[in-house]
Structures are given as C-alpha cells and as structure tokens.
1. Place the peptides 43-49, 203-209 in order of packing, highest mean first, counting for every residue the other Cβ atoms within 10 Å and averaging per peptide.
2. If you place +1 on the Cβ of every Lys and Arg, -1 on the Cβ of every Asp and Glu, and leave all else neutral, what size is the dipole of the chain about its Cα centre, to the nearest 20 Debye?
3. So what is the relative contact order of segment 4-192, in percent, for Cα pairs below 8 Å that sit 6 or more residues apart?
4. Taking the DSSP beta bridges in segment 182-319 as the whole, what percent of them are antiparallel, to the nearest 5?
5. Could you state the number of Å between the C-alpha centres of segment 165-193 and segment 201-276?
6. With θ set to phi - 60° and the Karplus curve 6.51 cos²θ - 1.76 cosθ + 1.60, what are the ³J(HN,Hα) couplings of segment 166-171 in order, to the nearest whole Hz, using x for Gly and Pro?
7. Given the peptides 32-39, 289-296, arrange them by the average over their residues of other C-beta atoms within 10 Å, most packed first.
8. Taking 8 Å as the Cα distance limit and 6 or more residues as the minimum spacing, I'd like the relative contact order of the chain as a percentage.
Amino acid sequence: LWTPAQIIEDQIARVREQVGDRHVLLGLSGGVDSSVVAALLHKAIGDQLTCVFVDNGLLRKAEGDQVMETFARHMGVKVIRVDAEALFLGNLEGEADPELKRKIIGNTFIDVFDDEASKIDGVDFLAQGTIYPDVIESAAAKTGKAHVIKSHHNVGGLPETMKLKLVEPLRELFKDEVRKLGVELGLPYDMVYRHPFPGPGLGVRILGEVKKAYADILREADAIFIEELHRAGWYHKTSQAFAVFLPVKSVGVVGDARRYEWVIALRAVETIDFMTARWAHLPYELLETVSNRIINEITGVSRVTYDVSSKPPATIEWE
Ligand code: XMP
C-alpha cells in the first residue's frame with residue numbers, strides 16, 4: 001500500500017544509507033520539488049544538509065523572504081541566501097531575445113551556484129528535485145525550451161563540473177505524489193499547491209529587455225492578481241495565473257493630462273498537462289477588481305488587458 005508516510009520513511013532510510021555521515025548540497029528554488037527535497041533531507045540527515053537559495057532578482061513579490069522564513073526560521077534548515085540580483089540583471093542588460101535570456105539566466109545560475117558550492121568544505125553529494133516526468137523528458141527528444149532550462153536545474157549540467165554524487169529522492173514520483181509528501185512533511189499548503197513558476201522567472205514575463213524598474217512593477221501587479229484570485233476562491237480553479245509586463249506605452253488620462261504608461265497583461269489558464277490549455281473564464285467582476293487595483297495602486301501603469309488565447313497556438317508564457 002502506497003502512503004506518503006511510507007514513502008518518506010523509505011526514502012529517509014535510502015538517503016541515510018547513501019549519504020552516511022557526508023555532506024549534501026541542495027539548490028533550493030522555492031518551487032515544490034526542491035522544497036520537498038529540502039524538507040525530506042532535513043528530516044533524514046539534519047545538519048548534513050546545506051541549501052543554497054539564489055535570489056536572481058526575478059522572483060515574485062516577497063518570495064525570497066518566504067523561502068527563508070519557512071526553511072531557515074521555522075524548520076531550522078541550513079540555508080545560504082545569495083543575493084545575485086545585480087549580477088543577473090547586469091548579465092541580462094541589452095538582451096531582448098527570449099531564448100538567449102533563458103540561456104543567460106541558466107548560465108548565471110550555474111556560475112553563482114558553483115561559486116557558492118566551492119566555498120563550502122567537504123560536500124560530496126548534490127541533491128536535486130528531479131521528478132519522474134523530468135527523467136522521461138531528459139531521456140526523450142532533447143528539444144524544447146522547458147527541457148533546456150530544466151537541464152540546468154535538474155538532470156545533468158551541474159554534477160559533471162562539480163564531481164558530486166547525486167541524491168534524487170523524488171526520481172520515481174509524479175507531481176501529485178510529491179505534493180502529498182510535502183504536506184506530510186509539514187510544508188505549508190500554500191507552498192505545496194502553488195502554481196508552477198518557470199526557472200527564468202519574471203525574466204520571461206517581461207517582454208524583451210529585462211530592467212529592474214519593470215520587474216518591480218510586474219512583481220506588484222502579479223501580487224495583486226494572485227491575492228484577488230485567492231480572495232475570490234479562483235486561485236485553485238486555475239492551473240497557472242500571472243501578470244506579464246508589456247514594455248509599450250499606452251495613453252491614459254488623469255485629470256486633464258494625457259499620460260503614456262506601461263501595459264500589464266493578465267494570464268490565467270486551466271490545463272491538465274500544460275501541453276494544451278484553455279484561458280480561464282474568470283468572472284468579469286474579479287477582472288474589474290484586479291484591473292482597478294493595478295491601475296490605482298501602481299505608478300506607471302494605466303492599462304490592463306486579459307489574455308484570451310488558448311494553447312495551442314499561444315503558449316502559456318508570453319515568451
Ligand atoms: P509554455 O509557455 O511553453 O509553458 O506553454 C508550459 C509550462 O512550462 C513553463 N515554462 C518553463 N518552465 N523554464 C521552466 O522551468 C522555462 O524556460 C519555461 N518556459 C515555460 C510554463 O510556466 C508553463 O507552466
């Protein structure tokens with residue numbers, strides 16, 4: 001009989017046997033998979049685990065603090081937070097091509113992580129949140145943008161350069177099983193059932209060149225959208241929802257003056273497998289509340305649009 005508690009016991013025993021008294025390094029992203037690995041390994045080997053959390057400046061609002069709060073403060077996990085915003089944004093400067101932006105973000109992540117890892121003595125193992133679909137995906141055709149990035153974070157990439165042995169306790173599990181493990185391990189429900197967030201983060205939700213000012217606006221708009229989805233009971237009825245920053249100026253009138261300001265697009269989809277998706281038929285009242293709040297509360301935005309494109313042909317992300 002399969003129960004989350006049994007899987008956890010089993011994996012704890014396997015990890016202890018594999019690792020012995022050696023030290024393990026884990027790249028913690030705040031996503032479900034790496035979070036569950038962190039909680040599991042902490043339970044299995046406690047202080048022998050060190051997590052590195054890279055803040056790339058492209059995270060959602062308050063995300064970095066939430067990760068530190070949950071793992072470092074509440075659970076007592078050893079987490080090193082690396083503030084690499086300036087480095088990532090510097091490397092991205094002047095680049096508008098989506099795939100090149102992904103490459104830059106992936107490569108910068110590896111550099112930062114490698115650098116941090118080299119400062120920690122006596123690490124023999126690298127833990128990764130690889131889940132079964134990642135294994136399948138890597139074995140299959142090596143095309144597609146999701147694979148390219150996943151390869152930086154999960155299967156392949158890091159270990160060769162770092163000569164570390166891999167610990168991958170979720171390798172045989174599907175996402176829904178990983179979530180159940182997370183809940184059983186005591187992770188917050190909201191963290192475990194959060195919508196997926198792409199590795200390149202806001203980097204692919206700011207169209208074209210990424211700038212800090214754009215990221216700051218987008219973070220606020222996205223937070224308002226997500227907060228209102230929760231409030232209206234719609235968050236868990238959608239599979240993924242987020243705001244997108246459009247670097248075009250559109251006219252708005254305030255008093256007698258015409259102002260030319262940025263546009264925010266809202267995207268919300270329903271999907272089972274993320275290969276096809278339908279735009280979520282959110283209530284007009286909800287969209288109205290979100291739009292009013294974004295325009296009233298965020299300086300520099302005077303227009304909000306809702307994306308009514310299905311996948312295919314439109315992808316879920318805008319880049
Ligand atoms: P698309 O935009 O291809 O997205 O319809 C399908 C799912 O994949 C996520 N996605 C990514 N995840 N790195 C990631 O880790 C990426 O470069 C990337 N691009 C898209 C997207 O958020 C959606 O869940």
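1. 203-209, 43-49
2. 420 debye
3. Relative contact order, segment 4-192: 28 percent.
4. So the antiparallel bridges amount to about 70 percent of the total.
5. Computed from Cα coordinates, the inter-centre distance equals 28 Å.
6. Result, ordered by residue: 8, 10, 9, x, 9, 4 Hz.
7. 32-39, 289-296
8. 17 percent
A short reminder: the numbers here are calculations on the coordinates, not readings from a lab. Model, not experiment: these values are computed from the prediction. Neighbour counts run over all protein chains shown; Cβ positions are idealised from the backbone, glycine included.
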